[in-house]
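Comments concern the structure below.
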Amino acid sequence: MTTTDAATARFRQFSNPATGETITFTATAQDGQEDVVRFDWTSRPGGSITEHLHPHQEERFMITAGEAHFTVNGQKRVIGPGDTIVVPIGVPHSESNPGSVTIEGVVELRPALHSKEMHEAFGGLASEGKTTPRGAPKNPLQLGATLWHFRRENRVTSPPPWAQNLILPPLAALAKVFGVRPYYDRWDTRETPRSEPAA
């Protein structure tokens, strides 16, 4: 078994029905080797990721199968097997799969921050039927808790950040009062999850 195979075996694959993605983590910052989150990624036909940005991270997509349609800072790009696209820190981008073939690739986010937990949270909520078709939590308190908690990792571009900065903090504060957490241990995809403190 290669080092990559050993790392992959430590995590369960999970899906996000709202975006059409499946993810299997192959490296996290906890591995101690480098400050990166890396995962095997697929996007099913018809899948799409709404426009967002990473305020403190660079994101890199390395495509191995299919054709991924990206919009990066307003510029449309189509990349296929063997191609790589790098999204700089703070640059708005979206992705879609309008074709009939599943896209496969490897995605990296640097630095790692809490991107593992963020992807697990959105995938977990969507799998439990608790998100809108676009992937936003339906419960306003969950929306505030999760989006505000992971604001360093991910910000949607609509509504604009200034509006999010007005709306999300009060919702996150109310969520805390009512015991709504941004992340739950049941979403942890490690094969032998360890107990984590409440977020």
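Assorted remarks:
- If you go through segment 54-80 and keep only what is β-branched (Val, Ile, Thr) and over 29 Å from His149 (Cα atoms), you end up with Ile63, Thr64, Val78, Ile79.
- Selection of segment 153-169 for residues being of a type outside the set (Phe, Trp, Tyr) and either in a helix (DSSP H, G or I) or surrounded by fewer than 16 Cβ atoms within 10 Å (Cβ to Cβ) (or both) yields Thr157, Ser158, Pro159, Pro160, Pro161, Ala163, Gln164, Asn165, Leu166, Ile167, Leu168, Pro169.
- Pairing residues of segment 64-88 that are in contact (Cβ under 8 Å) with a residue 40 or more places away in the chain and over 26 Å from Pro111 (Cβ atoms) with residues that are open to solvent by less than 80 Å² (accessible area, probe 1.4 Å) and part of a strand (DSSP E or B), at Cβ distances under 7 Å and at least 6 apart in sequence or on separate chains, gives Ala65/Ile103.
- Scanning segment 26-48 for residues that are in contact (Cβ under 8 Å) with a residue 60 or more places away in the chain, out of contact with any helix residue (DSSP H, G or I) (no Cβ under 6 Å at 6 or more places or on another chain) and within 23 Å of Ala126 (Cβ to Cβ) yields Arg38, Phe39, Asp40, Trp41, Thr42, Ser43.
- In segment 75-92, of all residues being outside any loop (DSSP other than H, G, I, E, B) and within 12 Å of Ile103 (Cα to Cα), the one that is least open to solvent (accessible area, probe 1.4 Å) corresponds to Ile79.
- When segment 170-195 is filtered for residues that are open to solvent by less than 40 Å² (accessible area, probe 1.4 Å) and more than 23 Å from Ser15 (Cα to Cα), the ones remaining, listed by number, are Leu171, Ala172, Ala175.
- For beta carbons closer than 6 Å, sequence separation of 6+ or different chains, a first residue in segment 120-148 that is under 19 Å from Glu21 (Cα atoms) and open to solvent by less than 30 Å² (accessible area, probe 1.4 Å) and a second that is in a helix (DSSP H, G or I) and among the polar types (S, T, N, Q), the qualifying pairs are Ala121/Thr146; Pro137/Thr146.
- Segment 37-62, residues that are touching a Gly at 6+ places or on another chain (Cβ under 7 Å), crowded, with 19+ Cβ neighbours inside 10 Å and among the aliphatic types (A, V, I, L, M): Leu53
- Of everything in segment 103-114 that is open to solvent by less than 10 Å² (accessible area, probe 1.4 Å) and either part of a strand (DSSP E or B) or out of contact with any helix residue (DSSP H, G or I) (no Cβ under 9 Å at 6 or more places or on another chain) (or both), the residue that is nearest to Gln164 (Cα to Cα) is Leu109.
The values are calculated or read from the model by the stated rules, or taken from the named source; none is laboratory data. Because the structure is a prediction, the values reported are computed rather than measured. Heads up, the Cβs are rebuilt from the backbone with ideal geometry, glycines too, and the neighbour counts pull from every protein chain shown. Please note that ligands, DNA and RNA were not included when accessible areas were found on the heavy atoms of the full protein model with its side chains. Shrake-Rupley method; radii C 1.70, N 1.55, O 1.52, S 1.80 Å.
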